[in-house]
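Below: one structure, written as structure tokens.
The values are calculated or read from the model by the stated rules, or taken from the named source; none is laboratory data. Since this is a predicted model, take the numbers as computed values, not measurements. No Cβ is skipped: glycine too gets one built from the backbone with ideal geometry, and neighbour counts run over all protein chains shown. Ligands, DNA and RNA are excluded from the accessible area calculation, which covers all protein heavy atoms including side chains. Shrake-Rupley method; radii C 1.70, N 1.55, O 1.52, S 1.80 Å.
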Amino acid sequence: MTALAIIITAVSLVGCGKSSTNQADRTANALASYVAPGEKDEYYLFYSGGHSGQVFVAGIPSLRHISTIPVFAPYPGTGYGFDEESKKMLGNFTWGDVHHPGLSQTNSKYDGRWLFVNDNANNRIARIDLKDFKTHQILGPIRNSVGNHGSSFITENSEYILCATRFSVPLPKGRVADPNDYEKEFNGMVSGIKVDPQTGEMKVGWQILTPPFDWDLGSTGKGPSSGWAFWTSYNTEMAHDTLEVNATQKDRDLCAIVNWRAAEKAVADGKAEMMDGVPIIDPAKVPGVLYFVPIGKSPHGMDVDPTGKWVVAGGKLQPATTVLNFEKVQAAINNKTFEGEFRGIPILKYEAVVEGEVPVGLGPLHTQYDGKGNAYTSMFIDSCIVKWKLPPWSDAEKKDLTKAVLDKVPAHFSTGHLVVAGSDTAHPYGKWCVAMNKLSAGRHINVGPAQPESSQLIDISGDKMKMIAESYTEPEPHFAQILKVTDVQPTEVYPKDENKDPNAVWEKAQSGVTRNGNQVDAKLMAIRSRYNPDRIDAQVGDELTVHVTNVEQTRDMIHGFGLIEHNINMVIDPGETKTFRIKLTKPGVFPFYCTNFCSALHQEMQGYLVVWEPGEGPSSAGGGGSTAQK
Ligand code: K7E
Ligand code: CUA
């Protein structure tokens, strides 16, 4: 995208036309996205936060930002990354690059259980539980996988999250080879991340070794393509420098067609070899797992339609989308209609599997579907959304596929991804499309050089698309998922009897500070608006562990725990217990206080951590004085 961005900035204002500003349209559009005070949005929009490492939650149709789910980056707003549990999930990383959120599915329908997101930068994948909209697992860095961009693509029953690498390196990771030996020494990888059907717990199932192409966007099959997955690639030139030029030489790059059920079976049949603890399939030795198809030119998105028959690739540098017919793909595989092979992988004959190239315009990236036979493609260069008709096409349309292009709506920005509600399932909700744009073109109030990204809401319920509203976000949404609000019932309070934390305290008598050698353990209760106890005595050199239980069982009665000059801010939701651990290195009296507004006396919710010099202070702090604890 970056190189492309440079090429394209100059022409990005070409656009597809002007949006209407007449009074009747303004009123109708305003009403369409207006959610009156006290009313609620109909859909969630979960959009990736790119290099913010977060996920943003907005409402549709209002496009209002409602909350932020921290995933790969600490977020003081919810205390994420300060307590032991979330610190452990983050490991030593303080950022991630979130690209493609994927909702869990059952029978190719969103089941409202989990949202998975990938981290391109540190090769991880995270699971957000939709019971509480929080990150519960971060898997990775995934072994033998570098640049986890081509994910998170969820299979029809959430059996797997499928991922492909954007970057190739010498494998296993840690091995060093000269980039001049790229073709020989470097490899990419497709990974099958197994998801536990009950808990959602992820683990690396298997991997498929690939040539060092840069795998790009992908999608999973359904219906006739059930059990398959697809990725585009760029850099089939296998260049290792100046990719902007050297990786755009060929008119067609090879996309990958992966039979993931065959991969799973090959591993079960013992056909994999271990690399760094992961079963690796060499597709040259295990026929039937991987096929290639040439796709023009420098393709990006690759999206399976809701029937599972049509697989559409957007060619960034070709003014058309390419439509593959999966039934023809299947026939070509069965009849060995190949036009060659690359490193033992058959290349399917282009003409045998392509249904058509639809001349949608300049810079097609991603395609979404409404389930009514229409496709919607984001146009990075033309800065618009194009609606077009999926096959089957009439003879007249086949002869001139411009006839399959039904409508264009200007986005005024360089559109990256777009999302149609439920497009990647067999049952799209349709109705709304959100375009996620890059390069803001100055259409917002001036906020200086750090420019926001924009989202635009498009009504796709009629024959013609209607641009309804525009809003702005933090950097940098890539893809998003839309979920019907009624399809999920998140908890607002953790029930007391479901809190299994052994350090939880629910009444005064259980709370207190105990010492064991130089380990000081404080169990605090937080309740409107005080901590119990509100004094912790310890000494320099102690290791202090603080557990705070928020005993409230009332919605939005959230308490914080900010500790002065110790870089600690926990935020504890109703019914939750959180823990932090620190080494005390400096003497002094350090107030702690509630960081989350909780009542008229919120400001009074405070206490002291007294850190004595060794040997000083009350006996509970290891000193000679009498106990100070209440
Ligand atoms: Cu097109 Cu990462 Cu999905 Cu950005 S990628 S636009
Ligand atoms: Cu508790 Cu503010």
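Answer yes or no as to whether Lys285 is charged (D, E, K, R), touching a residue at least 12 places away in the same chain (Cβ under 8 Å), more than 16 Å from ligand 2 (Cβ to nearest atom) and assigned to a loop (DSSP other than H, G, I, E, B).
Working: charged (D, E, K, R): yes; touching a residue at least 12 places away in the same chain (Cβ under 8 Å): yes; more than 16 Å from ligand 2 (Cβ to nearest atom): yes; assigned to a loop (DSSP other than H, G, I, E, B): yes.
The answer is yes for Lys285.
What number of residues within the range 299-357 are within 16 Å of ligand 1 (Cβ to nearest atom) and farther than 22 Å from Gly150 by Cβ?
0
Can you name the condition, by its number, that Pro294 falls short on among (1) surrounded by 24 or more Cβ atoms within 10 Å (Cβ to Cβ); (2) farther than 30 Å from Gly430 by Cα; (3) touching a Lys or Arg at 6+ places or on another chain (Cβ under 7 Å)?
(1)
Name the residues in the range 125-176 that are open to solvent by 40 Å² or more (accessible area, probe 1.4 Å) and in a strand (DSSP E or B), would you?
Lys134, His136, Phe167
State all residues of the range 453-481 that are open to solvent by 20 Å² or more (accessible area, probe 1.4 Å), more than 16 Å from ligand 1 (Cβ to nearest atom) and assigned to a loop (DSSP other than H, G, I, E, B); if no residue qualifies, say none.
Correct list: Ser461, Gly462, Asp463, Lys464.
Restricting to the range 34-71, what's the tally of residues that are more than 21 Å from Gly416 (Cβ to Cβ) and among the polar types (S, T, N, Q)?
Residues meeting the conditions: 2.
Residues of the range 578-601 being outside any loop (DSSP other than H, G, I, E, B), open to solvent by 50 Å² or more (accessible area, probe 1.4 Å) and either within 15 Å of Gly81 (Cα to Cα) or among the polar types (S, T, N, Q) (or both), which ones?
Arg581
Against the definition (modelled with pLDDT of 95 or more and either open to solvent by less than 40 Å² (accessible area, probe 1.4 Å) or closer than 15 Å to Ile482 by Cβ (or both)), how does Ser12 come out, yes or no? Lay out the reasoning, then the answer.
Working: modelled with pLDDT of 95 or more: no; either open to solvent by less than 40 Å² (accessible area, probe 1.4 Å) or closer than 15 Å to Ile482 by Cβ (or both): yes.
Considered against the rule, which asks whether it is modelled with pLDDT of 95 or more and either open to solvent by less than 40 Å² (accessible area, probe 1.4 Å) or closer than 15 Å to Ile482 by Cβ (or both), Ser12 comes out as no.
Consider Asp501 carefully, then state whether it is part of a loop (DSSP other than H, G, I, E, B), more than 30 Å from Asn120 (Cβ to Cβ) and at pLDDT 95 or above. Even if it seems obvious, please write down each step before you answer.
Working: part of a loop (DSSP other than H, G, I, E, B): yes; more than 30 Å from Asn120 (Cβ to Cβ): yes; at pLDDT 95 or above: yes.
Considered against the rule, which asks whether it is part of a loop (DSSP other than H, G, I, E, B), more than 30 Å from Asn120 (Cβ to Cβ) and at pLDDT 95 or above, Asp501 comes out as yes.
Quick grid of which residues meet (1) closer than 18 Å to His300 by Cβ; (2) of a type in the set (Lys, Arg); (3) in a strand (DSSP E or B):
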site: Lys203; (1), (2), (3): no, yes, yes
site: Pro212; (1), (2), (3): no, no, no
site: Leu217; (1), (2), (3): yes, no, yes
site: His240; (1), (2), (3): no, no, no
site: Glu244; (1), (2), (3): yes, no, no
site: Leu254; (1), (2), (3): yes, no, yes
site: Ala263; (1), (2), (3): no, no, no
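Is it the case, given these coordinates, that Lys194 is at pLDDT 95 or above and under 23 Å from Val278 (Cα atoms)?
Numbers: at pLDDT 95 or above: yes; under 23 Å from Val278 (Cα atoms): yes.
It is true that Lys194 is at pLDDT 95 or above and under 23 Å from Val278 (Cα atoms).
Kindly provide the set of residues from the range 546-577 that are in a strand (DSSP E or B) and under 15 Å from Gly77 (Cα atoms), ordered by number. Talk me through it step by step, then tell me what you get.
Applying the first criterion (in a strand (DSSP E or B)) to the range 546-577 yields 546-550, 559-563, 568-572, 577.
Those that are in a strand (DSSP E or B) and under 15 Å from Gly77 (Cα atoms): His559, Gly560, Phe561, Gly562, Leu563, Ile568, Asn569, Met570, Val571, Ile572.
Among the numbered conditions (1) in contact (Cβ under 8 Å) with a residue 12 or more places away in the chain; (2) assigned to a helix (DSSP H, G or I), tell me where Ala426 comes up short.
Against the list (1) in contact (Cβ under 8 Å) with a residue 12 or more places away in the chain; (2) assigned to a helix (DSSP H, G or I), Ala426 comes up short only on (2).
I'd like the full set of residues that are closer than 14 Å to Met202 by Cα, in contact with a Phe, Trp or Tyr (Cβ under 6 Å, 6 or more places away or on another chain) and aliphatic (A, V, I, L, M), limited to the range 150-178.
Those that are closer than 14 Å to Met202 by Cα, in contact with a Phe, Trp or Tyr (Cβ under 6 Å, 6 or more places away or on another chain) and aliphatic (A, V, I, L, M): Ile161, Leu162.
Identify, from the list Ala411, Ala404, the residue that is open to solvent by less than 30 Å² (accessible area, probe 1.4 Å) and at pLDDT 95 or above.
Values: Ala411 fails: at pLDDT 95 or above.
Exactly one of Ala411, Ala404 is open to solvent by less than 30 Å² (accessible area, probe 1.4 Å) and at pLDDT 95 or above, namely Ala404.
Determine the pairs where a residue that is among the hydroxyl-bearing types (Ser, Thr, Tyr), located within the range 545-559, has a partner that is within 9 Å of ligand 2 (Cβ to nearest atom) and open to solvent by 10 Å² or more (accessible area, probe 1.4 Å) with Cβ atoms under 9 Å apart, the partner being 6 or more residues away or on another chain.
What qualifies is Thr554/Arg528.
Among the residues of the range 570-594, which ones are farther than 25 Å from Pro502 by Cβ and within 16 Å of ligand 2 (Cβ to nearest atom)? If you could, list the steps in order and put the result at the bottom.
Looking only at the range 570-594, we keep the residues that are farther than 25 Å from Pro502 by Cβ, and these are 585-591, 593.
Correct list: Pro591, Tyr593.
For residues that are surrounded by fewer than 24 Cβ atoms within 10 Å (Cβ to Cβ), within 11 Å of ligand 2 (Cβ to nearest atom) and under 30 Å from the mean Cα position of the chain (by Cα), tally how many sit in the range 541-559.
Final tally of qualifying residues: 2.
Which one of these is within 16 Å of ligand 1 (Cβ to nearest atom) and modelled with pLDDT of 95 or more: Val434, Val520, Val493? Spell out the reasoning first.
Numbers: Val520 fails: within 16 Å of ligand 1 (Cβ to nearest atom); Val493 fails: within 16 Å of ligand 1 (Cβ to nearest atom).
So the residue among Val434, Val520, Val493 that is within 16 Å of ligand 1 (Cβ to nearest atom) and modelled with pLDDT of 95 or more is Val434.
Return only the number of the condition from (1) part of a loop (DSSP other than H, G, I, E, B); (2) open to solvent by 10 Å² or more (accessible area, probe 1.4 Å); (3) in contact with a Phe, Trp or Tyr (Cβ under 8 Å, 6 or more places away or on another chain) that Ser67 does not satisfy.
Tallying (1) part of a loop (DSSP other than H, G, I, E, B); (2) open to solvent by 10 Å² or more (accessible area, probe 1.4 Å); (3) in contact with a Phe, Trp or Tyr (Cβ under 8 Å, 6 or more places away or on another chain), Ser67 fails exactly one: (1).
Residues that are among the hydrophobic types (A, V, I, L, M, F, W, C), on the phi < 0 side of the Ramachandran plot, in a loop (DSSP other than H, G, I, E, B) and open to solvent by 30 Å² or more (accessible area, probe 1.4 Å): does the range 521-529 have at least one?
Keep residues of the range 521-529 that are among the hydrophobic types (A, V, I, L, M, F, W, C), which gives 522, 524-527.
Narrowing the set further to residues that are on the phi < 0 side of the Ramachandran plot leaves 522, 524-527.
In the following step, the residues that additionally are in a loop (DSSP other than H, G, I, E, B) were identified as none.
Checked the range 521-529: no residue is among the hydrophobic types (A, V, I, L, M, F, W, C), on the phi < 0 side of the Ramachandran plot, in a loop (DSSP other than H, G, I, E, B) and open to solvent by 30 Å² or more (accessible area, probe 1.4 Å).
Within the range 149-190, which residues are hydrophobic (A, V, I, L, M, F, W, C) and within 16 Å of ligand 1 (Cβ to nearest atom)?
Our first condition is that a residue be hydrophobic (A, V, I, L, M, F, W, C); within the range 149-190, this holds for 153-154, 161-164, 167, 169, 171, 176-177, 186, 189-190.
Within the range 149-190, Phe153, Ile154, Ile161, Leu162, Cys163, Ala164, Phe167 qualify.
Going by what's in this entry, would Val286 be described as within 19 Å of Gly188 (Cα to Cα), surrounded by 18 or more Cβ atoms within 10 Å (Cβ to Cβ) and within 28 Å of the chain's Cα centre (by Cα)?
Values: within 19 Å of Gly188 (Cα to Cα): yes; surrounded by 18 or more Cβ atoms within 10 Å (Cβ to Cβ): yes; within 28 Å of the chain's Cα centre (by Cα): no.
Against the criterion (within 19 Å of Gly188 (Cα to Cα), surrounded by 18 or more Cβ atoms within 10 Å (Cβ to Cβ) and within 28 Å of the chain's Cα centre (by Cα)), Val286 does not qualify.
If we only count strands (runs of 3 or more DSSP E) wholly inside the range 346-399, which ones have 2 or more residues that are in contact (Cβ under 8 Å) with a residue 24 or more places away in the chain, surrounded by 22 or more Cβ atoms within 10 Å (Cβ to Cβ) and in contact with a Cys (Cβ under 8 Å, 6 or more places away or on another chain)?
Working: elements: 354-358, 364-369, 374-379, 384-389.
In the range 346-399, the matching strands (runs of 3 or more DSSP E) lie at 374-379, 384-389.
Of the residues Asn107, Asn92, which single one is free of Cβ contacts under 8 Å to residues at least 24 places away in the same chain, open to solvent by 10 Å² or more (accessible area, probe 1.4 Å) and either more than 14 Å from His51 (Cα to Cα) or among the aliphatic types (A, V, I, L, M) (or both)?
Working: Asn107 fails: free of Cβ contacts under 8 Å to residues at least 24 places away in the same chain.
Just one listed residue meets the conditions, Asn92.
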